[in-house]
Amino acid sequence: MPTASRVSTGLSRPLKGILAMIAGMAFLLVSDALSKHLAQSHPLGQVMCLRQAACLLFVVPFVWRGSGLAVLRPHNVRLQVARGLLFLISSFFIIWSLSVLPLPTVTSITFVAPIMIALLSAPMLGERVNPALWGAIFLGFLGTLIIIRPGSDDFRWTLLLPVGAALFSSVRDVTARILARTDNSLSILFWSSFVIVVGAGFSALLGWRPVSMAQWGWYLLAGAVNFCAHFLIIESLRVARAAVVAPFRYTSLLWSVLLGYLIWGDVPSAWMWAGSAVLIASGLWIAQSQRA
């Protein structure tokens, strides 16, 4: 019986992390769709600033009714600021990508993030990278090349924007894993969002566009969804190993295809499906190798 108890306890944390990542990615995909919609009528910096400001509107009451504002006190200030800046840069790249590329294309290319996280987990988290993991990492980059197809007639430089988003978001997520050792999830989310609001707010110097009442509603919805997404993602990285939960980002593909088709009429190409399949296989291989 003690053995069964230990097994149950061992399985609970990875399972909680996986479920949190799946839910977080669903919310994040909806947030991306809302950001793409808003970026069609507002500058990128304005979308970033107002969306995260709206996110903070949901963070503060949630904290106030829960543990109190004291829970927001940062313990590792430098790492909090660093994650906030990484969040700012990755958000800029993702919203820029969404403004110029179809939603499923952006989603599929950013699937390279779990591979990048696996690479970063060795130097930043001290996790082991075995030969099988290196093979999965190579396969993942191959999948990215299949989608982007550099040198082909369909290649355009904007396809590199989601790669930049994946790179900075991977460093951000690994940083969150380290930061979670000293700071709670709400504190991490609050200060990262605060850095984005302040940083993106400087884009007001370049000119902002008026926001209608209907658009304010979209911003509030985007903020609420974004809050749920990043809180769940941070929680998943807190309770389970980064390389285990990261592959479950792939559940966003079907949602991106569905929303992209229903809202913008985007139809994924065969190359995108092929590359996505390779990336998903790579991610699952990574997850399996990390359990070994």
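Read-outs: derived from the displayed coordinates by stated rules, not from any lab. This structure is a prediction, so every number in the text was calculated from the model and none was measured. No Cβ is skipped: glycine too gets one built from the backbone with ideal geometry, and neighbour counts run over all protein chains shown.
Some notes on this structure:
- Cβ-to-Cβ counts within 10 Å put His37, His42 in ascending order as His37, His42, the fewest first.
- Based on Cα contacts under 8 Å between residues 6+ apart, the stretch 152-268 shows a relative contact order of 32 percent.
- Taking the chain and dividing mean pair separation by its residue count, relative contact order in percent (alpha carbons under 8 Å, at least six apart): 41 percent
- Loop sites in the stretch 96-205: chymotrypsin sites (Phe, Trp or Tyr not before Pro), DSSP, at most 15 other Cβ within 10 Å: Phe155
- The alpha-carbon positions of the chain define a convex hull whose volume is 145 Å³ per residue.
- Restricting the stretch 34-133 to trypsin sites (Lys or Arg not before Pro) that sit in a DSSP loop and have at most 14 other Cβ atoms within 10 Å of their own Cβ leaves Arg128.
- Think of it as helices only: each DSSP H run of n ≥ 4 in the chain is worth -39500 (n - 2.57), and spread over all residues that comes to -25500 deg cm²/dmol at 222 nm.
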